[in-house]
Structures are given as C-alpha cells and as structure tokens.
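First the structure, in the form of structure tokens, and then the observations on it.
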Amino acid sequence: MRTCELRDLGLVSYADALAIQKDLVEQRKQQLVPDQLLIVEHPHVITQGRNGHAENLLASEEILSRAGIALHATDRGGDITYHGPGQIVGYPIFDLREWKRDVVAYVRAIEQVIMDSLAEFGIEATRLEGCTGVWVKGKKVAAIGIHISRWVTSHGFALNHTTDLSYFQYIVPCGLTKPVTSMRELGSTAGRDEVTAALARNFAKTFHFEMHVPMLTETFS
C-alpha cells in the first residue's frame with residue numbers, strides 16, 4: 001500500500017501555501033517524497049483560476065482591500081473562489097501515475113472523499129450534474145480546483161466548515177450563480193480536528209493510501 005503524508009499546516013497565507021505546493025510538486029516529480037495531503041486555512045483571499053472571468057469578481061481591488069481580502073491569480077483550473085477562516089482547504093500532491101492517469105476520475109474521487117466525510121456528520125451531500133464540487137440541496141458546500149503537471153497534482157478542495165458565508169458576496173463563486181452553504185449552516189457542530197480526521201480517513205480509503213503524519217521536525221526542503 002502506498003504512503004501519503006498528512007500535514008496540517010494551520011493558518012497559512014495563500015502565497016506561502018502556493019510556494020510550499022510548488023516545492024513539494026517538484027520533489028514528488030523526482031520521487032524524493034511520497035504523496036502529500038496538505039490541510040490549511042487561509043486568511044481572507046479571493047483566487048482566480050486560469051479559466052477565470054473578470055466579470056465574476058463583483059468588487060474592485062480597493063473595496064476588497066478595505067474588507068481585508070487579498071486577491072491572487074493562480075494556475076489551478078476553475079474560475080473564481082473565496083478562501084478564509086473557518087474553511088478547511090486541502091491540497092493533495094499526488095502522482096496519478098501510481099493511481100489512475102485520469103483527471104476526471106481524480107476530481108470525482110475528491111468529491112467522493114468529501115461526500116463520505118460529510119456523511120460521518122449526518123450531512124447528505126451529492127454531486128450536481130454539470131457542476132464540479134460537492135452540494136447539499138442545491139447549495140455548494142465544497143469547491144474543487146486542481147492543477148496537474150506531469151501527472152502530479154496540486155491545488156485541491158475547499159470545504160466550508162464554519163466559514164462566514166457573507167464573504168462570497170464579492171464574487172460569483174466558480175462562475176455559478178448558485179448559493180453556498182457551510183457545515184455550520186447545515187447544523188453540524190463538528191470541530192475542525194474531527195472534520196480533518198474524517199477527510200484524511202476517507203482519502204486513505206478512496207486512494208488506497210496508508211496515511212502517515214511526519215514528525216514536526218521534518219521539513220519540506
């Protein structure tokens with residue numbers, strides 16, 4: 001069974017998380033490290049993917065700045081999205097050559113991981129035809145946007161845990177005029193550690209990993 005290292009980095013700026021991902025992607029391509037699952041939380045930030053449309057940003061940079069929201073262009077797929085406190089963000093750094101060389105299957109597998117994890121807390125989540133992500137009664141609870149280079153993945157998913165949903169007012173999330181929700185709004189009182197543990201457990205099950213938590217003294221370089 002393959003090994004995946006689980007690293008919960010806590011609160012990390014988007015720029016720092018991107019640098020960590022790029023470093024690990026290069027190490028993974030050279031087989032210097034095993035597959036990785038990074039769990040982070042970001043300060044308020046809006047990110048625009050490589051397929052993003054300017055019209056889906058509903059506020060100027062000045063307004064965003066006054067609201068304490070950073071703005072970043074990024075190389076992931078998808079359109080525009082928001083990250084912030086109370087959101088559990090996962091960045092899998094996986095070599096798909098050791099699983100399936102199938103991008104669509106990979107995205108569907110991430111959706112399944114999130115749906116299975118939410119089910120552990122009594123939340124029945126589903127896919128929505130024609131729309132990437134995880135949904136509960138027509139509202140998006142988790143967004144997905146990935147990047148793949150030489151079959152090594154980066155970026156990933158954002159699960160609204162206790163997220164302040166009012167911050168989504170500044171964008172058209174993922175270019176879709178559909179509402180968003182969170183685990184808290186859906187009545188869940190599960191803590192962050194509980195949800196992270198469920199996600200790690202279901203990643204291990206879905207991708208046939210043995211999940212390993214490295215020692216705190218281990219570094220990325």
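One table, with the values for the structure above:
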| read-out | value |
| --- | --- |
| Residues (modelled with pLDDT of 95 or more, in a strand (DSSP E or B) and either within 21 Å of residue 206 (Cβ to Cβ) or touching a Ser or Thr at 6+ places or on another chain (Cβ under 6 Å) (or both)) located in the range 32-48 | 35, 36, 37, 38, 39, 40 |
| One residue from 153, 132 being at pLDDT below 95, more than 12 Å from residue 81 (Cα to Cα) and not in a loop (DSSP other than H, G, I, E, B) | 132 |
| Members of the range 46-63 that are surrounded by fewer than 21 Cβ atoms within 10 Å (Cβ to Cβ) and of a type in the set (A, V, I, L, M) | 54, 57, 58, 59, 63 |
| In the range 21-40, the residues that are touching a strand residue (DSSP E or B) at 6+ places or on another chain (Cβ under 7 Å), closer than 25 Å to residue 80 by Cα and either surrounded by fewer than 20 Cβ atoms within 10 Å (Cβ to Cβ) or β-branched (Val, Ile, Thr) (or both) | 25, 39, 40 |
| Hey, residue 213 free of Cβ contacts under 8 Å to residues at least 12 places away in the same chain, among the β-branched types (Val, Ile, Thr) and more than 18 Å from residue 87 (Cβ to Cβ) or not | no |
| Only listed residue being surrounded by 19 or more Cβ atoms within 10 Å (Cβ to Cβ), at pLDDT 90 or above and among the charged types (D, E, K, R), chosen from 205, 140 | 140 |
| Complete set of residues in the range 58-98 that are assigned to a strand (DSSP E or B) and farther than 21 Å from residue 12 by Cα | 95 |
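The values are calculated or read from the model by the stated rules, or taken from the named source; none is laboratory data. Since the structure is predicted, the reported quantities are computational estimates derived from the model, not experimental observations. Cβ: placed from backbone, ideal geometry, glycine included. Neighbour counts: every protein chain shown.
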